[in-house]
1. Quickly run through the range B:262-276 and pick out the residues that are at pLDDT 95 or above and either within 8 Å of another protein chain (Cβ to nearest Cβ) or surrounded by 23 or more Cβ atoms within 10 Å (Cβ to Cβ) (or both).
2. Please enumerate the residues belonging to the range A:222-246 that are modelled with pLDDT under 75 and farther than 19 Å from residue A:328 by Cα.
3. From A:128, A:117, grab the single residue that is of a type outside the set (Ser, Thr, Tyr), out of contact with any helix residue (DSSP H, G or I) (no Cβ under 7 Å at 6 or more places or on another chain) and away from every other protein chain (no Cβ under 11 Å).
4. Can you pull out the residues in the range A:263-286 that are among the charged types (D, E, K, R) and farther than 16 Å from residue A:322 by Cα?
5. Please state which of the following conditions residue B:293 fails to meet, knowing it meets all the rest: (1) more than 23 Å from the chain's Cα centre (by Cα); (2) more than 10 Å from chain A (Cβ to nearest Cβ); (3) in a helix (DSSP H, G or I); (4) buried (at least 21 other Cβ atoms within 10 Å of the Cβ).
6. For the range B:540-555, which residues satisfy the criterion of being part of a loop (DSSP other than H, G, I, E, B) and hydroxyl-bearing (Ser, Thr, Tyr)?
7. Would it be correct to say that residue B:249 is surrounded by 22 or more Cβ atoms within 10 Å (Cβ to Cβ), under 32 Å from the mean Cα position of the chain (by Cα) and in contact (Cβ under 8 Å) with a residue 24 or more places away in the chain?
8. Since residue B:349 meets every condition but one in (1) of a type in the set (A, V, I, L, M, F, W, C); (2) touching a strand residue (DSSP E or B) at 6+ places or on another chain (Cβ under 8 Å); (3) at pLDDT 95 or above, which condition does it not meet?
Amino acid sequence: MRRTAALAGLTWLAPSGSARAAEGEAPLRLLVYFVPNGFHMPAFKPTAGGTSWTLPPLLDALQPLKAKTSVLTNLRNEAALPTGHALSTGSILTGVTPQGGDAVRSGISIDQLISEHINDGSRVPSLHLATEGGEIIGSCEPDYSCAYYQHVSWLSETVPMPNLHTPERALQHLFGVQDPLENPSTRSDRRARVADFIAEEARALQLNLSSEDSHRIDEFLTATAALEERIERDRRTIQCEIPAFEDPLQHGITAINEQLADVVELAFRCDATRVVTFMDGHAGSSRIFNFLGVSDPFHNVSHHGGDPSSIDAYNRIVAWECRQFAALCQRLDATPDVDGRSVLDNTVALFISGMGDGDQHDVDDMGAVICGATGRIRNDAHIALPVGTPVADLHITLASLFGLSLERFGNDGSDLLRDLLP
Amino acid sequence: MAATACSGTEDSAGGHRDGGVESVRRATASSLEGSLQELLRIEVDLSNELPADPLHGAFDNQLAALRFSPGWLIDAERAFSAAVERAVDTEINAARRTVQPAMYVRSVGGEPSTGDEGLLSYPWALGVNDAVRWTFSAELSGTYSLSLRYFGSEFIDEHGVCEVRVDGLKVADAPAPALLEWKTVASDVSLAAGDNVISFECTGGSEVSAVLDVFTLEGPAAHPLIGVSPRRGLLPCAALGEEPDDDCARQALVSFTARAWEAAGDDASFERPIALYDELRAMGEGSMTAFKSSIVAVLLSPQHLNHVYRRWTDTGAAAAKQFAHRVALLFWNRPADAALVSDVVASGVANLDAGSLVREMLDDPRASDFVETFVSQWLGLNWIRTVSISEERFPAFNADLRHAMREELLHLVRGAISAESDLRQLLTSTEAFVTPELAALYDVESTGEGATPVELDPHRRAGIHTRAGILAALSNPQSTHPTRRGHWVLDRLLCSSPPPPPANIPPLAEPSAEAGLATGRDRTERHLSDGNCISCHIEMDTIGLTLENFDAIGRWRDEENGVTIDASGSVPEWGDFAGGVDLGRRIAEDPRFASCVTEQLFTYVFGATPTEDEADEVAELTRAFVASEYRLVALLTALIESPRFTGAEL
C-alpha cells in the first residue's frame, strides 16, 4: 500500500488566508459537485413544496442536513440542446452550447467568474477534482470532443480546467513543493524571475504569429500570470496539518471519493482555495457499481427505457452519489470556521448533473440540491421554480452570493432566482 | 488542419521571409517526457505530474484540445524543477536489472558431472574437486552483483575450499558449509561486454560436497541511459562536486538552450538565457542554483513547450533541423538526438533518402513510441487495459490475460507496419503470439511457457478485429456489443462513422433464454425495426453482428443460449458476407480503408482532421500508399516528403 509519503503526516506551510486575518469574518466558498448521467426525476422531486417538504428517497442521505438543504426543481439547460452527454456536461456551468466538429469551445464557467471575482492572490484560485480519469473506451460522442466529457470548469471559451484525480496530485497543487532548507521568499524571488523570463520569451515569439497561434500564446501568458501569482502566494505561509493519504486506487470507487472529499475539507479548512469543482465521474460515465448490486455500466442503466429494474439500479447509483455528497457536506459541517459557525455554513455546496432523466438526456426538466450557505439562501425548502427556469439563472444567483452581479450569463441567463434568496 | 495561415513576416515583394512561423502546437505530456529524457538524460515520468491530455477524436495530440491552463503551467514548473534537480544530482544512471544467465554444469576436468549442457538442472550438486560454471553473455560491461546460495550435503571435508571465479580468476571466497548449513556468497564482480565464464569451484579437500540452488546476477541493462552521467551532460566543464564557474555555467547554458530550442529554429535566441543567469547571480544566487533555475526557464519557455513549425524557402540547415525534430517526434515521440540532426543537416532535406530514413527510424528501439502513441490511439489498443468485464461471468479474464491480449495486438501491429509488410495483414493475418492462457482462449496448442508464435484457425480468425483484445474491449461487461464493434470498424478502419445517436436510446437487452432475446442479433434487431434507428444502425449493426461468433472476451462460440449464431450480413458496398474472416477481406478490399489509414495518420501528424482544402493532399498520399501495395513505410515516406511536413513553401 503506497502512501503519499512525501506529504504524509507533515506539517505543511500552507498559504495564509488574508481574510482570516480579519478576525471573525469567514469567507464564502463554492463547491460544485457534478454527477454524470442525470437523475430519475420522479425519485428526485420532493412531493410537497415550500418548507413543509420531505426529502425524496433518492436524497435520503441528506436527512441529517435537511435544515441546511434546499432542492431546486423545474430547471432547464437550453444550452445543452439538442442534448447528449457532451453538450450537457460541456454547458452545465457555462450556459453556452459547446461547439462541435473539430472545435473545443464553450464559455467561461460560473465557478471561474466567481473565482476571478473573489481572488486576492492569497490562495489557489480554484481546485478541480475528478474521481474518474484516464482512458475513454471507444469514441466519446461523434462530432464532439472528449474535452467536453472530462471538464465542467472553463477558464475561457477555449481553455477547460484540467482535473486532478488523486489526493497526492491535489495536495501538490494546493501546497506546492517546499524546501525546508531555504527561505521561501528567496526561492520565490528566483522563481518569479524565471516566470518573468518565460513571459518575455512568449511575447517575443508572439510577434510574428497568425491570430489563432497568437491566441494560444495569450493563453500561455494567462497561465504565466497565474504562475506568478502562485509564486507570490508561496511567500506567505501559515501552518496547516496534512493527514496521510493511502493510495485510493487500492480501495475502489468509494475510497477515491472519500479521499478527494478529505482534500476538499482540508482545502477549505486551510483556506487554500475557495472554489472547488468535483466531478464524480465524467459525462456518460460507464463505471460499474458492483458493490451496489448493479452489474451493468452506469450509463447503460441510466438509459432505463422505463424498465423498473433498470430504474431501480439507476436510483441506487444516484443515491450512492448523494451519500458521497452528503458525507462531504457533513464533514464540512463538523469543521468549525473562524466565525464560530461551520465551514458548511459558509459554503455554497451545489449538487448537480448535466441533465434531468438520463433516459432521454432530458435537459428540460432538471433538478439541483444546494447545501450550506446558511442564512444566505433559503434553506430547508423544496423550491419548485417556474417550469423551464434557466440553469443559467441559478448561476447568476450563485454569483450574487459572492458579490458578483451579472446581468446576463450564458445563452439564456438573465435573472436572479428570487425564490432561492431568503 | 485548422486555420494556420502562413504568417511569416511579409517582405516588400509580398512573399514570405524565410522561417516565418506557420503553426504552434503545445507538446503533449508524453512528448515532453521524451524531451526531458533526451535533454536531461534521466528517466522522467510525467504521467502523475501533468494533467492527462484530453482525447480529441482518437488522439491526445490535437491542436484544438491542447491548451495552456494555469494549473498545467504550475504543475510543469514543479515537475521540471524536480527533474532538473535530479539530473544535476545524478552522477551516473545506474538502473539495474536482474538477468537470467544461461547456465551449464561441467566438472573441472571438462566432463559434464551433473545434468546436461544448457539445462537448468536444480539443484547443482558438486562432488570432490568439482565446479559449476555458467557462461553469461553481458550486454554491457560494468559492475554486476552476484549472489549464490549453497548448502552442505552429506560430508564436508574441513580442508576443502570453495570460491567464486570469473574467467578463472577468484573474485570471492565461499566458506565451506557445514552439513545441511545454508550459506550465501555475494560479491560485486566486474564483467566485460560479451561472454563471461562464472564458476563456483570447490577444491583441495578429499570429500567436499555442496549443493547450489540459487544463482542471481544483477547488472546494467541495455538501455540508452545506463552509464550516462546527467550531471556531466549538463555541466561538462565543471569538476565533480564543485559549483561551476560563471564562464562554464554560461557556456553550458547556451549549449543546453541550443538543444532545447533547436526545434523552434531561432538561433538568435539561444544566448538570451545568459541574461537571466547573470541576473540571478546579481541577486546573490550561487552559480549552481542560478544555472539550475536558468535550465528550468529554458524548459518552461514556449519554444520548448510548443512545437513551433516554420516555413522555409530554402532547404538549409535550419530547415533540416526542424525536419529532423519533426521526424523524431513522429517516430519516437521526442526530439531528435544530435546524430540524427547532423545526418539530416549533412544530406539536406532535398537530397535525403526519405525511404531509408523511415526504415531507420522504425528500426530504432525508440520507435516503440510510434506504436504506443499513433497506432495504439488509432486502433484503441489501450482499451483492453481498462475495459470492464464481469469477473463472475468470465473468471478467465484476469490481469494476466488482459496483458497477454494487448501484447498480442502489439505483436500483430509491429508485423504489419514493418518495412516490407502490406498493412492489410492487419485485417487478414492468422499469425498470433500467445501465452498459454491466450492459447487456451483461442483453442490452439502453445508450446512454451511464455508467449509463443502460433497459427490461428484461418476459417475463424484472421485480422485484428478477430483478436480477443479488440473484441473484449468493445464488449459490455456481460455480453457482446455488436453496435460498438461495428462502430469501431466504421470509425477507425473506414473513417465512415455515422452521425451522433439521438437521446432516447435504451441499451441493448442482456442475453436471455427468453424467446426473441437469445442472440445478439435478436437484441440488436430492435434498432433495425425502428425507423429512427435503421439509417445509422444498418451498417454498424450488420458489421458488428458478423463478429457474433466471438463472445464478450473473444472466445469462439457456435451458438448463444442454445440458438445457432447467424454471422451473415449484407451492406450495399460489399454485398453479402459472413463472419470475421470474410469481414477482414471486405475491409481490406474497400478503398475507404487506404484513405482512412492516410486520414488517421494525417490527423495524428498535423494535429487536426484534414480540411476540405487538404483533401487533395490526403488523396495524393493515399495513391502513393495504394501504389506501394499498402506498405505503411511508403505512406510515411510520402508524408515526410510532403511540403506540409518538410516546411517547404507550399
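1. Taking the range B:262-276 first, the residues at pLDDT 95 or above are B:273-276.
Hits for the range B:262-276 are B:273, B:276.
2. A:236, A:237, A:238, A:239
3. Details: A:128 fails: away from every other protein chain (no Cβ under 11 Å).
Matching residue, one of A:128, A:117: A:117.
4. Of the range A:263-286, the ones among the charged types (D, E, K, R) are A:265, A:269, A:271, A:274, A:280.
Residues satisfying the conditions are A:265, A:269, A:271, A:274.
5. (2)
6. The answer is B:546, and nothing else.
7. On the way: surrounded by 22 or more Cβ atoms within 10 Å (Cβ to Cβ): yes; under 32 Å from the mean Cα position of the chain (by Cα): no; in contact (Cβ under 8 Å) with a residue 24 or more places away in the chain: yes.
When the stated conditions are applied, residue B:249 does not pass them.
8. Unmet for residue B:349, out of (1) of a type in the set (A, V, I, L, M, F, W, C); (2) touching a strand residue (DSSP E or B) at 6+ places or on another chain (Cβ under 8 Å); (3) at pLDDT 95 or above: (3).
The values are calculated or read from the model by the stated rules, or taken from the named source; none is laboratory data. All values derive from a computational prediction rather than experimental measurement. Counting neighbours? That spans all protein chains shown, and the Cβs are built from the backbone with ideal geometry, glycine included.
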